[in-house]
1. In this structure, does Pro50 turn out to be surrounded by fewer than 16 Cβ atoms within 10 Å (Cβ to Cβ) and outside any strand (DSSP E or B)?
2. Scan Ser140, Ser112 and give me the residue that is among the polar types (S, T, N, Q), under 24 Å from Gly72 (Cβ atoms) and free of Cβ contacts under 8 Å to residues at least 40 places away in the same chain.
3. Keeping to segment 12-39, report how many residues are part of a strand (DSSP E or B) and either at pLDDT 95 or above or under 30 Å from Gly124 (Cα atoms) (or both).
4. Of the numbered conditions (1) surrounded by 15 or more Cβ atoms within 10 Å (Cβ to Cβ); (2) in contact with a strand residue (DSSP E or B) (Cβ under 9 Å, 6 or more places away or on another chain), Glu87 fails exactly one; give the number of that condition.
5. Any residue in segment 14-38 that's without any contact (Cβ under 8 Å) to a residue 24 or more places away in the chain: show its pairings with residues that are hydroxyl-bearing (Ser, Thr, Tyr) at Cβ separation under 7 Å, as long as the two are six or more apart or on different chains.
6. Select, from Thr122, Thr129, the only residue that is over 21 Å from Leu25 (Cβ atoms), without any contact (Cβ under 8 Å) to a residue 24 or more places away in the chain and either of a type in the set (S, T, N, Q) or touching a Cys at 6+ places or on another chain (Cβ under 7 Å) (or both).
7. If the requirement is being surrounded by 11 or more Cβ atoms within 10 Å (Cβ to Cβ) and assigned to a helix (DSSP H, G or I), which of these qualifies: Ile137, Ile128, Ile118?
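The values are calculated or read from the model by the stated rules, or taken from the named source; none is laboratory data. The structure presented is a predicted model; accordingly, all values stated were derived computationally and were not measured. Glycine also receives a Cβ, built like all others from the backbone with ideal geometry; neighbour counts cover every protein chain displayed.
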Amino acid sequence: MGVVTYEFEVTSPVAPTRLFKAFVLEGAKVYPKAAPHAIKSVELEGDGKPGSIVKINFVEGLPFQYMKHMIGGHDENNLSYSYSLIEGGPLGDKLEKISYENQFVAAASGGSVCKSSIKFYTIGDYVITEDEIKALIQRSEVVYKAIEAFLLANPDAYN
(Lines give C-alpha, C1' and ligand atoms only; values in the text may rest on other atoms or scores of the structure.)
Protein backbone atom coordinates (compact mmCIF):
# COMPACT_ATOMS: atom_id res chain seq x y z
CA MET A 1 0.00 0.00 0.00
CA GLY A 2 1.14 3.49 -0.83
CA VAL A 3 -0.03 6.87 0.37
CA VAL A 4 -0.19 9.94 -1.86
CA THR A 5 -0.98 13.35 -0.37
CA TYR A 6 -2.49 16.14 -2.41
CA GLU A 7 -3.28 19.66 -1.20
CA PHE A 8 -5.48 22.26 -2.81
CA GLU A 9 -7.65 25.30 -2.06
CA VAL A 10 -11.06 26.45 -3.23
CA THR A 11 -12.24 30.04 -2.83
CA SER A 12 -15.82 31.12 -2.18
CA PRO A 13 -17.69 34.39 -1.71
CA VAL A 14 -19.52 32.73 1.22
CA ALA A 15 -18.32 33.34 4.79
CA PRO A 16 -16.35 30.46 6.34
CA THR A 17 -18.78 29.95 9.26
CA ARG A 18 -21.74 29.50 6.88
CA LEU A 19 -19.83 27.00 4.76
CA PHE A 20 -18.78 25.06 7.86
CA LYS A 21 -22.36 24.89 9.13
CA ALA A 22 -23.72 23.83 5.74
CA PHE A 23 -21.04 21.23 4.99
CA VAL A 24 -20.36 19.83 8.44
CA LEU A 25 -23.08 20.55 10.96
CA GLU A 26 -26.10 20.42 8.63
CA GLY A 27 -24.71 18.49 5.67
CA ALA A 28 -27.31 15.71 5.81
CA LYS A 29 -30.04 18.31 5.25
CA VAL A 30 -28.18 20.61 2.89
CA TYR A 31 -26.64 18.18 0.38
CA PRO A 32 -29.90 16.81 -1.10
CA LYS A 33 -31.46 20.32 -1.21
CA ALA A 34 -28.45 22.00 -2.78
CA ALA A 35 -27.45 19.20 -5.16
CA PRO A 36 -30.62 17.24 -6.04
CA HIS A 37 -29.09 16.51 -9.46
CA ALA A 38 -26.45 14.38 -7.71
CA ILE A 39 -27.48 13.48 -4.15
CA LYS A 40 -30.66 11.57 -3.41
CA SER A 41 -30.27 11.28 0.37
CA VAL A 42 -27.83 11.26 3.28
CA GLU A 43 -28.02 8.77 6.15
CA LEU A 44 -26.19 8.96 9.47
CA GLU A 45 -25.16 5.75 11.22
CA GLY A 46 -24.19 6.76 14.76
CA ASP A 47 -24.37 9.94 16.78
CA GLY A 48 -22.37 12.19 14.44
CA LYS A 49 -19.24 11.98 16.56
CA PRO A 50 -15.90 10.52 15.42
CA GLY A 51 -16.34 6.97 14.14
CA SER A 52 -19.90 7.58 12.92
CA ILE A 53 -20.68 6.70 9.30
CA VAL A 54 -22.30 9.05 6.81
CA LYS A 55 -23.80 7.31 3.77
CA ILE A 56 -24.41 9.53 0.74
CA ASN A 57 -26.81 8.01 -1.81
CA PHE A 58 -26.56 9.33 -5.35
CA VAL A 59 -29.29 9.72 -7.95
CA GLU A 60 -29.57 7.15 -10.73
CA GLY A 61 -27.37 7.73 -13.75
CA LEU A 62 -24.23 8.76 -11.88
CA PRO A 63 -21.12 6.54 -11.94
CA PHE A 64 -21.58 5.57 -8.26
CA GLN A 65 -24.64 4.50 -6.26
CA TYR A 66 -23.32 5.61 -2.88
CA MET A 67 -20.30 6.28 -0.74
CA LYS A 68 -19.64 5.99 2.97
CA HIS A 69 -17.58 8.43 5.00
CA MET A 70 -16.25 7.77 8.49
CA ILE A 71 -16.20 10.94 10.55
CA GLY A 72 -12.78 11.74 11.95
CA GLY A 73 -13.86 14.82 13.85
CA HIS A 74 -14.61 18.50 13.63
CA ASP A 75 -13.58 21.65 15.44
CA GLU A 76 -16.16 24.45 15.42
CA ASN A 77 -13.65 27.00 16.73
CA ASN A 78 -11.17 26.38 13.89
CA LEU A 79 -13.87 25.56 11.30
CA SER A 80 -12.05 22.34 10.45
CA TYR A 81 -13.18 18.77 9.93
CA SER A 82 -11.84 15.42 8.84
CA TYR A 83 -13.31 12.25 7.43
CA SER A 84 -12.35 9.21 5.36
CA LEU A 85 -14.12 7.78 2.34
CA ILE A 86 -14.18 4.09 3.31
CA GLU A 87 -16.67 2.45 0.94
CA GLY A 88 -18.25 3.01 -2.46
CA GLY A 89 -17.70 5.97 -4.69
CA PRO A 90 -14.40 6.01 -6.56
CA LEU A 91 -12.54 3.51 -4.35
CA GLY A 92 -13.02 0.48 -6.58
CA ASP A 93 -10.27 -2.12 -6.32
CA LYS A 94 -7.38 0.37 -6.46
CA LEU A 95 -7.96 2.55 -3.39
CA GLU A 96 -8.36 1.35 0.20
CA LYS A 97 -9.61 4.75 1.41
CA ILE A 98 -9.29 8.47 0.87
CA SER A 99 -8.79 10.69 3.94
CA TYR A 100 -9.70 14.37 3.97
CA GLU A 101 -8.71 17.22 6.27
CA ASN A 102 -10.46 20.50 5.50
CA GLN A 103 -10.52 23.95 7.03
CA PHE A 104 -12.53 27.02 6.11
CA VAL A 105 -10.66 30.30 6.64
CA ALA A 106 -11.52 33.91 5.92
CA ALA A 107 -10.16 35.19 2.62
CA ALA A 108 -8.35 38.53 2.63
CA SER A 109 -10.76 39.89 0.01
CA GLY A 110 -13.87 38.61 1.81
CA GLY A 111 -15.54 35.26 1.57
CA SER A 112 -13.49 32.20 2.37
CA VAL A 113 -10.90 29.67 1.33
CA CYS A 114 -11.38 25.95 1.90
CA LYS A 115 -7.94 24.44 2.46
CA SER A 116 -7.87 20.69 1.85
CA SER A 117 -5.33 17.96 2.36
CA ILE A 118 -6.27 14.61 0.86
CA LYS A 119 -4.48 11.30 1.36
CA PHE A 120 -5.05 8.51 -1.14
CA TYR A 121 -4.31 5.04 0.27
CA THR A 122 -3.65 2.77 -2.67
CA ILE A 123 -3.92 -1.01 -2.82
CA GLY A 124 -0.91 -3.10 -3.83
CA ASP A 125 1.45 -1.53 -6.36
CA TYR A 126 -1.15 0.82 -7.80
CA VAL A 127 0.08 4.40 -8.28
CA ILE A 128 -2.61 7.07 -8.59
CA THR A 129 -1.81 9.73 -11.19
CA GLU A 130 -2.19 13.47 -10.81
CA ASP A 131 -4.81 13.43 -13.59
CA GLU A 132 -6.88 10.86 -11.65
CA ILE A 133 -6.60 12.98 -8.50
CA LYS A 134 -7.68 16.12 -10.36
CA ALA A 135 -10.67 14.26 -11.87
CA LEU A 136 -11.79 13.13 -8.39
CA ILE A 137 -11.44 16.66 -7.03
CA GLN A 138 -13.34 18.08 -9.99
CA ARG A 139 -16.30 15.76 -9.22
CA SER A 140 -16.42 16.88 -5.60
CA GLU A 141 -16.15 20.54 -6.61
CA VAL A 142 -19.46 20.19 -8.49
CA VAL A 143 -21.23 19.48 -5.18
CA TYR A 144 -19.18 22.17 -3.40
CA LYS A 145 -20.25 24.78 -5.95
CA ALA A 146 -23.89 23.62 -5.74
CA ILE A 147 -23.87 24.14 -1.97
CA GLU A 148 -22.18 27.50 -2.43
CA ALA A 149 -24.89 28.51 -4.94
CA PHE A 150 -27.60 27.32 -2.52
CA LEU A 151 -26.13 29.50 0.25
CA LEU A 152 -25.85 32.52 -2.03
CA ALA A 153 -29.47 32.07 -3.13
CA ASN A 154 -30.57 31.71 0.51
CA PRO A 155 -28.65 34.44 2.37
CA ASP A 156 -30.44 33.80 5.67
CA ALA A 157 -29.67 30.09 5.73
CA TYR A 158 -26.98 28.74 8.09
CA ASN A 159 -25.82 32.04 9.56
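1. Yes.
2. Ser140
3. Let us first name the residues in segment 12-39 that are part of a strand (DSSP E or B), namely 12, 39.
From the residues that got through so far, the ones that are either at pLDDT 95 or above or under 30 Å from Gly124 (Cα atoms) (or both) too are 12.
Adding up the residues that qualify gives 1.
4. Looking at each condition in turn, Glu87 falls short on (1).
5. From residues that are without any contact (Cβ under 8 Å) to a residue 24 or more places away in the chain, the pairs are Pro32/Ser41.
6. The conditions single out Thr129.
7. Ile137
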